[in-house]
Amino acid sequence: MNVLVVFHSTYGHMYEMAKAAAEGAKEAGATVEIKRVPELLSDEVIAAMGATEAQKKLASVPVASPDDLAAADAVIFGVPTRFGNMVGQMRMFFDSTGPLWASGALVGKVGSVMASTGTQHGGQESTILTTQVTLLHHGMVIVGLPYSFAGLTTMDEITGGTPYGASTIAGGDGSRMPSENELAGARFQGKHVAQIAGKLVQ
């Protein structure tokens, strides 16, 4: 099966989660591509945010198009949070998928979501859940992060991770990169998504 991981990342946090999810999907035998949604911010704004170096590293990642979604058996979306909802870059990308919706191109495909926030309670769950609404409009089969991933119940550290999807906490200044538990959640989710997709495409 073919798994596509599509993400947006300003400082690189969601890119690390996307790579971990891809590792998990490959472990399940999937062919995996990682792509990013188009950036909407100007170079000047990115510089003011202190994200220029991170964006240079992300420049080598191919940019996704809506047609990439149609070609995949499953899509994992890496969605940073803004005010408890998806970032504008991801919203713009979804808003360009109208022709896919009109043709039913994504009906029956697996859709899954990961998120990142600046703070521990910055809207990880609301971002994942509201992104899933868009996937349901496309007729996708929603797959989350089940409690068979033991990292969801850890109590010995501050960590992201929800049953709706893997998540990470970036810190208010973006300095905290994903922890091993958060990356493990993304890997588990990637493998789980690929396994479910494999059953559906048989």
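Numerical summary
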item	result
Residue that is under 19 Å from residue 20 (Cα atoms), in a loop (DSSP other than H, G, I, E, B) and either without any contact (Cβ under 8 Å) to a residue 60 or more places away in the chain or not polar (S, T, N, Q) (or both), where the choices are 187, 176	176
Selection within segment 13-48 - under 16 Å from residue 81 (Cα atoms), of a type outside the set (D, E, K, R) and surrounded by fewer than 20 Cβ atoms within 10 Å (Cβ to Cβ)	40, 41
Answer residue from segment 120-145, given it is more than 27 Å from residue 70 (Cβ to Cβ) and part of a loop (DSSP other than H, G, I, E, B) and is nearest to the chain's Cα centre (by Cα) among those	123
In segment 163-187, the residues that are among the charged types (D, E, K, R), in contact with a Gly (Cβ under 7 Å, 6 or more places away or on another chain) and under 20 Å from residue 54 (Cβ atoms)	182
Tally of residues being outside any loop (DSSP other than H, G, I, E, B) and hydrophobic (A, V, I, L, M, F, W, C) across segment 147-173	3
Some residue of segment 88-98 being in contact with a Phe, Trp or Tyr (Cβ under 6 Å, 6 or more places away or on another chain), closer than 21 Å to residue 116 by Cα and modelled with pLDDT of 95 or more	no
Test result for residue 14, on the phi < 0 side of the Ramachandran plot, touching a residue at least 24 places away in the same chain (Cβ under 8 Å), touching a Pro at 6+ places or on another chain (Cβ under 6 Å) and not β-branched (Val, Ile, Thr)	yes
Qualifying positions in segment 65-98 - over 29 Å from residue 121 (Cα atoms) and surrounded by fewer than 21 Cβ atoms within 10 Å (Cβ to Cβ)	65, 66, 67, 68, 70, 71, 73, 96, 97, 98
Matching helices (runs of 4 or more DSSP H) fully within segment 20-79 where at least 3 residues are touching a helix residue (DSSP H, G or I) at 6+ places or on another chain (Cβ under 7 Å) and modelled with pLDDT of 95 or more	66-71
Selection count where residues are out of contact with any helix residue (DSSP H, G or I) (no Cβ under 7 Å at 6 or more places or on another chain), surrounded by 17 or more Cβ atoms within 10 Å (Cβ to Cβ) and modelled with pLDDT of 95 or more, scope segment 99-121	1
Test result for residue 134, farther than 22 Å from residue 30 by Cβ and surrounded by fewer than 21 Cβ atoms within 10 Å (Cβ to Cβ)	yes
Test result for residue 58, closer than 28 Å to residue 28 by Cα, hydrophobic (A, V, I, L, M, F, W, C), surrounded by 17 or more Cβ atoms within 10 Å (Cβ to Cβ) and out of contact with any Phe, Trp or Tyr (no Cβ under 8 Å at 6 or more places or on another chain)	no
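The values are calculated or read from the model by the stated rules, or taken from the named source; none is laboratory data. On a predicted model such as this, the values are computed, not experimentally measured, just so you know. Please note: Cβ atoms are built from the backbone with ideal geometry, for glycine as well, and neighbour counts cover all protein chains shown.
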